[in-house]
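Take a look at the structure set out below.
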Amino acid sequence: MPDLKELVVGKLRDRFADEFESSNEYRGELTVIVKKSAIRSVCQFLRDDAELRFDSLRDVCGVDYYRPEDRFEVVYNLYSIPQNFRLRIKVRVDESDLHVDSVTPVFSTADWEERETYDMYGIIFDGHPDLRRIYMPEDFEHFPLRKDFPLMGIPGSLALPRK
Amino acid sequence: MGLEQESFFTTKLDDIIGWARKNSLWPMPMGISCCAIEMMAFAGPRTDVSRFGSEAFRFSPRQSDLMIVAGTVTYKMSHVVRKIYDQMPDPKWVIAMGACTSSGGMYRSYSVVQGIDLFLPVDVYVAGCPPRPDNLLRGLMEVQAKIARGEKPGQKEKIYIQEHA
């Protein structure tokens, strides 16, 4: 059996020559960074490729690195059940442009996970069928997992019932 | 002696009503996280709350007069808890069960209410994470004692049940 890691990286390099940024392996976990414009087509390709068949999106989450450029990352964890192989894809998102293409049309399970990422980080998923907050009340105005959000919250931002 | 011969005894109406109330407290199980498991054990055969007349857990607030808030209350959930409390008929009592409910517990966080007494009148606080069922039983007995003393709900001094050593 050919090495799946080389196969995955090679296929992605060939197919997405302009959008492929880097790949690295740490403790047996393969991570690929692509440009955010390509995320939906990368997911589509990985899902539909007859050899790879990444048929399961296990998680979508965000990261706030709190740095001047490319402040946020969105992380997609894919799993190929036929190949028993995991792949992590990351896209970088700058604070000036918080839009990322939704992968919900490719993996319907991304629906709530993208809503969570929107709720916590304010990243907007274009093409999502119903991008609302999922944990916080709908009239909440902040994004609590951002590094500049205080741990105990902003006083008055969440209402309590009258006593 | 007089009781045996005359077949009656005299008391105050408030006392007899209080006696009936304290021995038939029907809990509203507001089980919103892990404390609810211990609350179930509290109703189960080992602790057996039916000895105290509180085995009838009512899932309708209209039929309950004791709310046991068992679990972490988030700001989003606090409106639901308050609404259910408001739907319970008077007189009604509240037990804050466990660390999260009483003070936010380990959740020093933007999303968790730092103690339900910020929006509810609490009668008894039960310590523990979660409290043992027998400790919750002690909390219930304290509520009963309050009723027997003729106290109004949500008033007088609060009662704090310590954890067992």
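Remarks
- Given 10 as the ceiling on other Cβ atoms within 10 Å, longest exposed-site-free region of chain B for chymotrypsin sites (Phe, Trp or Tyr not before Pro) in DSSP loops: B:60-165
- Backbone N under 17 Å from the residue A:55 label point (7 Å along Cα→Cβ), restricted to the stretch A:63-98: A:78-87
- Between the stretch A:49-116 and the stretch B:58-96, the alpha-carbon centres lie 40 Å apart.
- Label-to-label distance, nm, for residues given as residue A:133 and residue A:41 (7 Å Cα→Cβ offset): 3.6 nm
- Whichever lysines have a C-alpha closer than 28 Å to that of residue A:11, once near sequence neighbours (fewer than 8 apart) are set aside: A:35, A:36, A:90
- When the Cα positions of B:23, B:69, B:9 are compared along the charge dipole of the protein assembly as shown, B:9 comes out farthest toward the positive end, with charges on each C-beta of Lys, Arg, Asp and Glu.
- Across the stretch B:97-112, computed HN-Hα scalar couplings (Karplus, 6.51 cos²θ - 1.76 cosθ + 1.60, θ = phi - 60°) run 9, x, 5, 4, 5, 6, 8, x, x, 6, 8, 7, 9, 4, 9, 10 Hz from first to last residue, x flagging Gly and Pro.
- Whole-Å semi-axes of the protein assembly as shown's equivalent ellipsoid (Cα gyration tensor): 57, 21, 16
- GNM flexibility winner over chain B from B:28, B:88, B:106 (Cα, springs under 10 Å): B:106
- Distance between modelled label sites at residue A:84 and residue B:13, nm, 7 Å Cα→Cβ extension: 7.8 nm
- Two tests apply to each whole DSSP H helix in chain B, Cα reach of 30 Å or more along its axis and mean Kyte-Doolittle hydropathy of at least 0.5, and none passes both.
- Residue-averaged [θ]222 nm for chain B, counting only DSSP H segments that reach four residues, each worth -39500 (n - 2.57): -10000 deg cm²/dmol
- Cα-Cα separations in the stretch A:2-126 greater than 24 Å, expressed as whole percent: 22 percent
- Shielding value for B:75-86 is 3, the average number of Cβ atoms from other chains within 10 Å of each residue's Cβ.
- Placing dummy labels 7 Å off each Cα toward the beta-carbon, the span from residue B:160 to residue B:129 is 1.6 nm.
All of the numbers you see were taken from the coordinates with simple rules; none came from a lab. What you see is a predicted model, and the numbers here were worked out from it, not measured in a lab. Positions of Cβ are backbone-derived with ideal geometry, glycine not excepted, and every protein chain shown enters the neighbour counts.
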